[in-house]
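Below is one structure; the comments refer to it alone.
The values are calculated or read from the model by the stated rules, or taken from the named source; none is laboratory data. Because the structure is predicted, anything quoted here is derived from the model rather than measured. Quick reminder, even Gly has a Cβ in these numbers, built from the backbone with ideal geometry, and neighbours come from all protein chains shown.
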Amino acid sequence: FKYYLKTAWRNLLKQKVFSIINVLGLAIGIAVAFLIMNYVSHEFSYDDFHKKKDRIYRVESQFYEGNNLTDDWGTSTFGYGSAMEKELPGIEDFVRISIHETEQVVKYGDYKVREDGVVYTEPSFFHIFDYKLLEGNKETALSKVNSLVITASAAKQFFGNESPMGKTLRFLRSDRFVDCIITGVMEDFPANSHIHFKYLIAYEGLPVWMKDFWYLHEAYTYVLLQ
């Protein structure tokens, strides 16, 4: 082995340019292969951390003119989830995430900022998905009107190192401010989650006409099958 190693080393030194090209080519090839493997691994890891992942399905909307598919949306109307739970067997639970007016002005004291990532959702959000709450109770955090769960980064932005629990953020909805009380702080959504929002407001805070409305496709609906 020692003899072959010396011979190989001498050959490398005799043909320096050729050797450099070979070594660099091999190094770049290995590096690119690792990058591709890392990218593919990350892509396949999306939403894999949910324990019930094999039973979670997103309800989508397809529109046809005759036999021609004209639109295929990842969203649904507000009425899909409740109707499916009532009329279809095999559905254990469902959750709706309203993306109506996701961009709103958020205010705390004199600090005011326009944010994108404001949604309304139901208590079942934490039953279906395994996102971690750092503060608050998963069972009750979104159960009352105008209760609010925020991400850790949003909490840091508004409150620094103070606990935000029980404090009030104001959201400019349409033409008026709505006061929401913080009942939970959750970890920031992982990079390999297809869901990324900063403010989860209780679904009960939506206008009554919108909660089960059938003709507004501005909600993501997820069902948990038995």
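Scanning region 189-225 for residues that are assigned to a strand (DSSP E or B) and either closer than 20 Å to LEU134 by Cα or small (Gly, Ala, Ser) (or both) gives TYR199, LEU200, ILE201, ALA202, ALA219. The number of residues in region 16-43 that are farther than 30 Å from ASN192 by Cβ, surrounded by 10 or more Cβ atoms within 10 Å (Cβ to Cβ) and of a type in the set (A, V, I, L, M) comes to 5.
Please go through region 119-173 and pick out each residue that is in a loop (DSSP other than H, G, I, E, B), over 17 Å from GLU204 (Cα atoms) and not aliphatic (A, V, I, L, M).
PHE129, ASP130, TYR131, LYS132, ASN137, GLY160, ASN161, GLU162, SER163, PRO164, GLY166, LYS167
Against the numbered list (1) outside any helix (DSSP H, G or I); (2) surrounded by fewer than 10 Cβ atoms within 10 Å (Cβ to Cβ), LYS86 comes up short only at (1). When LEU5 is tested against (1) loosely packed, with under 10 Cβ neighbours inside 10 Å; (2) part of a helix (DSSP H, G or I); (3) modelled with pLDDT of 95 or more, exactly one condition is not met: (3).
The rows are residues; the columns are (1) among the hydrophobic types (A, V, I, L, M, F, W, C); (2) assigned to a helix (DSSP H, G or I); (3) touching a strand residue (DSSP E or B) at 6+ places or on another chain (Cβ under 8 Å).
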site	(1), (2), (3)
MET37	yes, yes, no
SER41	no, yes, no
TYR46	no, no, no
LYS51	no, no, no
ASP54	no, yes, no
GLN62	no, no, yes
LEU69	yes, no, yes
ASP72	no, no, yes
SER82	no, yes, yes
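In region 187-205, how many are of a type in the set (A, V, I, L, M), out of contact with any Ser or Thr (no Cβ under 6 Å at 6 or more places or on another chain) and surrounded by 15 or more Cβ atoms within 10 Å (Cβ to Cβ)?
Adding up the residues that qualify gives 2.
The sole residue among THR121, THR151, THR140 that is of a type in the set (Ser, Thr, Tyr) and in contact with an Asp or Glu (Cβ under 6 Å, 6 or more places away or on another chain) is THR151. All conditions but one from (1) in contact (Cβ under 8 Å) with a residue 60 or more places away in the chain; (2) surrounded by 17 or more Cβ atoms within 10 Å (Cβ to Cβ) apply to TYR57; the one that does not is (2).
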